[in-house]
Amino acid sequence: MEYGNFIDNLRLFTRGGSGGMGYPRLGGEGGKGGDVWVVAHKKMTLKQLKDKYPQKRFVAGEGANSRVNALKGSKGKDCEIPVPVGISVTDENGKIIDSPMLENPLC
């Protein structure tokens, strides 16, 4: 709901990165896809989050494929979502997934 400048609920789209393809003949292993992290910041508000990321989409990077000269693919880039302290993160069914902790108490 939104009353003036106050927002108490914000829906975001998030997706972790997909893993890279391996090189099976040589025992290669594709890189792990990136992770999405929800990081609490003391001075962040949901309105600031909405204004800074109007698309409200957070997608982590894909893992690299393995190659002949690099049998282990590199990990995909992680994605961090800055959120206010004290929020609850829920899935599309309203089930609580996590309550973020402060990344750095001096934020």
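The values are calculated or read from the model by the stated rules, or taken from the named source; none is laboratory data. Model, not experiment: these values are computed from the prediction. Here Cβ is always computed from backbone atoms with ideal geometry, including for glycine, and neighbour counts include all displayed protein chains. Keep in mind that these areas ignore ligands, DNA and RNA; they rest on the heavy atoms of the full protein, side chains included. Shrake-Rupley method; radii C 1.70, N 1.55, O 1.52, S 1.80 Å.
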Open item on the list: Condition check: out of contact with any Leu (no Cβ under 6 Å at 6 or more places or on another chain), open to solvent by 70 Å² or more (accessible area, probe 1.4 Å), assigned to a loop (DSSP other than H, G, I, E, B) and among the charged types (D, E, K, R). Does Glu80 satisfy that?
Closed with: no
Task: Restricting the range 88-107 to residues that are of a type in the set (Val, Ile, Thr) and open to solvent by 100 Å² or more (accessible area, probe 1.4 Å), the residue that is modelled with the highest pLDDT - done: Ile96
Open item on the list: Out of Val85, Val38, Val68, Val59, I need the residue that is open to solvent by 40 Å² or more (accessible area, probe 1.4 Å) and touching a Ser or Thr at 6+ places or on another chain (Cβ under 8 Å). Which one?
Closed with: Val59
Open item on the list: Among the residues of the range 14-35, are any closer than 22 Å to Asp91 by Cβ, in contact (Cβ under 8 Å) with a residue 60 or more places away in the chain and either over 14 Å from the mean Cα position of the chain (by Cα) or open to solvent by 60 Å² or more (accessible area, probe 1.4 Å) (or both)?
Closed with: yes
